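These notes are about the structure you will find just below.
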Amino acid sequence: MCNTFISGATGKVGRILIEKVLEDSDLRLVGGSASKDSKELGKDLGVLIGKGSIDINIVDNISNENDIDLIIDFSRPQNSIDILRFASKENIPVVLGTTGFNDTELNEINRISKEIPLLIAPNTSMGIAIFKKILDHSKGVLQTASSLEIHEKHHEEKKDSPSGTAINLKEQLIEILSSEDIQIVSVREGDSPGEHSLVLFFEGETLEISHKVSDRSIFAKGAIIAGKWLKNKQPGSYTMQDIYS
């Protein structure tokens with residue numbers, strides 16, 4: 001049994017994670033946190049998702065009084081850094097699903113990844129992991145395009161733009177092509193859980209590789225798969241592609 005703590009429990013993915021962890025016979029939910037300004041602080045996690053009391057209340061910080069074996073984080077950058085510092089001190093693996101970090105925070109994440117097993121996942125879906133694997137094996141095709149663009153669309157409440165997934169795809173393409181001439185086109189409207197496309201422009205034609213999420217529960221399911229895979233790994237930085245390699 002893996003004692004699991006959810007950071008960002010009141011968010012869109014966090015609430016689904018509560019439900020999925022409670023349903024999983026290999027996991028035991030031992031806590032959940034939210035930001036200090038959340039109106040849900042103190043509320044029972046089960047009541048939060050309409051399941052009735054489970055005697056675990058939402059807190060604004062994390063402690064290891066419940067013997068945490070795994071942390072899944074879908075919160076805000078500063079909250080995530082606090083969680084990672086705690087995890088480093090207590091030697092707890094972390095699945096990091098939060099995005100929007102600045103350079104200073106990214107440097108600290110890199111340092112902490114040398115101390116604990118840390119799976120950095122701007123997108124926890126299997127589809128994006130496969131998408132990225134396709135790109136890794138498509139250098140010749142990518143080089144023949146006259147230009148490339150990444151198009152991404154998310155719900156209007158998403159704070160970071162471009163998305164962490166789009167930035168991560170661009171970083172991968174820069175590494176593959178040794179060129180930073182890749183534009184990201186971002187749209188924030190409606191309630192889209194996430195859409196990402198790579199558009200390749202050729203003379204007189206275009207080619208588009210796309211991934212679209214219709215149900216954000218796949219992010220929670222992917223994070224749980226990642227957590228189970230990560231919990232017995234050695235300290236280091238991992239990605240979703242490592243799971244499906």
- prompt: So which of 192, 210, 214, 197 ends up being small (Gly, Ala, Ser) and more than 17 Å from residue 129 (Cα to Cα)?
  reply: 192
- request: From the list 10, 4, pick out the single residue that is in contact (Cβ under 8 Å) with a residue 40 or more places away in the chain, in a strand (DSSP E or B) and of a type in the set (Val, Ile, Thr).
  value: 4
statement: Out of (1) farther than 22 Å from residue 97 by Cα; (2) in contact with a strand residue (DSSP E or B) (Cβ under 9 Å, 6 or more places away or on another chain); (3) not polar (S, T, N, Q), the one residue 205 does not meet is (2)
query: Looking only at segment 232-244, which residues are crowded, with 16+ Cβ neighbours inside 10 Å and either farther than 21 Å from residue 136 by Cα or among the aliphatic types (A, V, I, L, M) (or both)?
result: 240, 243
- prompt: What is the residue count in segment 108-148 for residues that are surrounded by 13 or more Cβ atoms within 10 Å (Cβ to Cβ), of a type in the set (D, E, K, R), over 20 Å from residue 182 (Cβ atoms) and in contact (Cβ under 8 Å) with a residue 60 or more places away in the chain?
  reply: 1
- request: Among the residues of segment 94-115, write down those that are assigned to a helix (DSSP H, G or I) and among the aliphatic types (A, V, I, L, M).
  value: 106, 109, 112
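Of 42, 8, which residue is within 21 Å of residue 193 (Cβ to Cβ) and small (Gly, Ala, Ser)? I'd like the intermediate steps shown before the answer.
Details: 42 fails: within 21 Å of residue 193 (Cβ to Cβ).
8 is the lone residue from the list that is within 21 Å of residue 193 (Cβ to Cβ) and small (Gly, Ala, Ser).
Here is a yes/no grid of residues against (1) acidic (Asp, Glu); (2) not assigned by TED's automatic domain parsing to the domain that holds residue 145:
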{"position": "172", "(1), (2)": "no, no"}
{"position": "182", "(1), (2)": "no, no"}
{"position": "189", "(1), (2)": "yes, no"}
{"position": "201", "(1), (2)": "no, no"}
{"position": "204", "(1), (2)": "no, no"}
{"position": "225", "(1), (2)": "no, yes"}
{"position": "232", "(1), (2)": "no, yes"}
{"position": "235", "(1), (2)": "no, yes"}
Output for segment 41-76, where each listed residue is part of a loop (DSSP other than H, G, I, E, B), under 22 Å from the mean Cα position of the chain (by Cα) and either not assigned by TED's automatic domain parsing to the domain that holds residue 20 or not hydroxyl-bearing (Ser, Thr, Tyr) (or both): 49, 60, 61, 62, 68, 69, 74, 76
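The values are calculated or read from the model by the stated rules, or taken from the named source; none is laboratory data. Note that the structure is predicted; figures quoted are calculated from it, not measured. Reconstructed Cβ throughout: ideal geometry from the backbone, glycine too, with neighbour counts over all protein chains shown.
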